[in-house]
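Down below is the structure, laid out as structure tokens.
The values are calculated or read from the model by the stated rules, or taken from the named source; none is laboratory data. Quick caveat: nothing in here was measured; it's all calculated off a predicted structure. Glycine gets a Cβ as well: all are built from the backbone with ideal geometry, and neighbour counts include every protein chain shown.
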Amino acid sequence: MIFSLFSFTTLVIIILVLYLISSVKILAEYERGVIFRLGRVLREPKGPGIILVFAPLDRIVRTSLRVEAMEVPPQDLVTRDNVTVKVNAVIYFRVVDPVRAVVEVSNFLYATSQLAQTTLRSVLGEVELDELLSQREKINLRLQGVLDEHTGPWGVKVTMVEVKQVDLPDQMIRAIARQAEAERERRAKIIHAEGEYLAAEKLSMAAQQIQKEPVAIQLRYLQTLVEIASEKNSTVIFPVPIDLLSSLTKFLDRSNSPTQT
């Protein structure tokens with residue numbers, strides 16, 4: 001009788017020890033455990049470290065607090081200026097309230113993914129193609145604000161949204177290339193015209209300065225001869241002052257005037 005009682009007590013102790021061992025749970029630093037006790041959630045999540053979960057009274061749901069990176073599949077959409085494009089994006093989010101992430105939504109990963117897809121189509125459908133291509137940072141902030149507003153009640157914080165790639169139709173790519181080429185030609189013509197204007201302005205200033213000092217034109221002639229001689233050119237250029245030709249022309253006109261009379 002005593003042996004049977006001792007055996008029963010030992011068996012109970014062994015069962016209790018095994019139950020306590022199985023009730024011990026270890027949560028990592030980035031994990032939290034949402035505990036449901038008799039079906040009701042505890043206000044504060046457990047962890048990290050060692051916690052006790054007394055099954056079957058308690059049920060634990062592990063939740064990670066690390067930042068999750070989720071790629072949004074390519075979405076076909078039409079911009080405000082009626083251009084069909086295919087856009088995909090990447091969103092970064094993390095759980096800030098494990099209890100709400102478990103209680104308020106069935107699967108916060110799936111729900112966030114579906115919300116990101118619909119938000120991407122609706123927000124980008126309100127912008128023009130030029131804005132989508134040139135103001136990417138502004139659009140990313142707008143997407144983040146809309147997503148964070150909707151995921152806030154789920155205990156999920158959207159930290160960043162990046163539009164990853166914009167695929168354009170071939171016809172639109174060719175049109176953009178022609179537009180860029182025309183823009184470059186326009187800039188080249190403007191730069192060339194500005195250069196001509198500045199050159200004419202400098203030449204006008206040089207002419208005014210030479211008019212004040214006539215000997216400067218002779219120095220310029222000598223400088224030209226030096227540059228030609230440095231190139232070892234066989235051609236010899238002798239500069240003749242234009243004033244000399246004008247004087248010669250006037251002299252010939254005067255000499256021909258008595259003969260004609």
Applying the selection to segment 90-102, what residues are of a type in the set (Phe, Trp, Tyr) and either more than 22 Å from the chain's Cα centre (by Cα) or surrounded by 16 or more Cβ atoms within 10 Å (Cβ to Cβ) (or both)?
93
Residue that is of a type in the set (Lys, Arg), within 30 Å of residue 24 (Cα to Cα), outside the structural domain of residue 33 (by TED's automatic domain parsing) and touching a helix residue (DSSP H, G or I) at 6+ places or on another chain (Cβ under 9 Å), where the choices are 80, 142, 100
100
Among (1) surrounded by fewer than 16 Cβ atoms within 10 Å (Cβ to Cβ); (2) closer than 18 Å to residue 34 by Cβ, residue 154 falls short only on (1)
Test residue 80 against the criterion of being of a type outside the set (S, T, N, Q) and surrounded by fewer than 14 Cβ atoms within 10 Å (Cβ to Cβ), and give yes or no.
yes
Meets criteria (hydrophobic (A, V, I, L, M, F, W, C), touching a residue at least 40 places away in the same chain (Cβ under 8 Å) and assigned to a helix (DSSP H, G or I)) for residue 132
yes
Screening 142, 121, 100 for residues that are in contact with a strand residue (DSSP E or B) (Cβ under 7 Å, 6 or more places away or on another chain) and not in a loop (DSSP other than H, G, I, E, B) leaves only 121
Which listed residue, of 87, 105, 123, is surrounded by 17 or more Cβ atoms within 10 Å (Cβ to Cβ) and closer than 30 Å to residue 39 by Cα:
105
Tell me, which strands (runs of 3 or more DSSP E) wholly within segment 2-69 include 1 or more residues that are touching a Phe, Trp or Tyr at 6+ places or on another chain (Cβ under 6 Å) and at pLDDT 90 or above?
58-64
Is there a residue being of a type in the set (Gly, Ala, Ser), in the same structural domain as residue 75 (by TED's automatic domain parsing) and touching a residue at least 12 places away in the same chain (Cβ under 8 Å) anywhere in segment 149-159?
yes
Six or more apart or on different chains, Cβ atoms under 9 Å: show the pairs whose first residue is in segment 189-208 and in contact (Cβ under 8 Å) with a residue 24 or more places away in the chain and whose second is in a helix (DSSP H, G or I) and among the small types (Gly, Ala, Ser).
none
